[in-house]
1. What pairs come up if the first residue lies in the range 192-214 and is in contact (Cβ under 8 Å) with a residue 40 or more places away in the chain, the second is aliphatic (A, V, I, L, M) and part of a loop (DSSP other than H, G, I, E, B), and their beta carbons are under 9 Å apart, counting only those six or more places apart or on different chains?
2. Looking at Glu140, Glu123, which one is in a helix (DSSP H, G or I) and at pLDDT below 95?
3. Run down Glu43, Glu13 and say which single residue is in a helix (DSSP H, G or I), of a type outside the set (Ser, Thr, Tyr) and open to solvent by 70 Å² or more (accessible area, probe 1.4 Å).
4. Taking the range 142-161 as the region of interest, how many residues are within 16 Å of Arg119 (Cα to Cα) and under 14 Å from the mean Cα position of the chain (by Cα)?
5. Do the conditions hold for Val172, that is, is it of a type in the set (A, V, I, L, M), touching a residue at least 24 places away in the same chain (Cβ under 8 Å) and not in a helix (DSSP H, G or I)?
6. Give the residue that is most open to solvent (accessible area, probe 1.4 Å), with candidates limited to residues of the range 16-40 that are within 27 Å of Glu96 (Cβ to Cβ) and small (Gly, Ala, Ser).
7. Here is a list: Asp105, Asp133. Which entry is acidic (Asp, Glu), open to solvent by 30 Å² or more (accessible area, probe 1.4 Å) and part of a helix (DSSP H, G or I)?
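The values are calculated or read from the model by the stated rules, or taken from the named source; none is laboratory data. Since we're looking at a predicted model, the values are computed, not measured. Neighbour counts run over all protein chains shown; Cβ positions are idealised from the backbone, glycine included. Heavy atoms of the whole protein, side chains included, go into the accessibility calculation; ligands, DNA and RNA do not. Shrake-Rupley method; radii C 1.70, N 1.55, O 1.52, S 1.80 Å.
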Amino acid sequence: MSPTRAELLLVAELAAEAERYDDVISQIKTIVAQWDARITSDERNLLSIAYKNKTNTLRNSWRIVDTLEKMQASRTAPGTTTRQLTLIRQQRKKIERELANVCKDIVKLLEKQLLPAARQGEERVFYSKMKGDYYRYLAEFAHEVEREWYADESLNAYKHAYRHAMSTLESVHPTRLGLALNFAVFYHDVRKSPERACHLAKSAFDDAVMSLDSESSNVAMAQTIRDSLQILQLLRDDLVLWSKEIQ
């Protein structure tokens, strides 16, 4: 007897609690394959959390090994390669392959199934932002031509998401603010443009604060405001750091 959709969701929730993120992804993919690519917000959030945790672990591992490789290379005579440096490079490349596989897996799911079935508004913005995020992660460690291609794909996804967010979501909406934050990080980290990052982050921050002022008496906005405050704080912190870089 095949499990029901509710049972698959329950197993995915249990797997998330146990930090078994491959199992979470497997359960949600089964739901998409057997029922509908238009998954619920609970299913979508589980999928997002699972991929985020998998990639965050690998990205942190890559940064550590990449730093160690640079330190070892600085101690090695120019034009030579020690056995230790070779082993470190092999480990970095292994992590890169694992990270690329995870990123390409979610991008494929987004492009082939989730985005084509997405509703207009918050759902489409959410998935387009995810697409931009994972292409950005690929661009972070790719080399030369591949890096430019991933960066362009990330930029296109973020632009599509941001245009759609501005026409369908309130400026204080958490998904729109989260998109603005990650899009600004793209300009800073991938395009190496703190000026454009600051411009985008400040615009999103100012629009949201203006909206908060005008909606402060609206009780229905209370939950949205609470969800948005943490992202606004992150935007402000990044603005302070990036402004110092420019100065």
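1. Ser211/Val172; Leu212/Val172
2. None of the other options fit; the residue is Glu140.
3. Glu13
4. Matching residues across the range 142-161 total 1.
5. Yes, satisfied.
6. Ser26
7. Asp105
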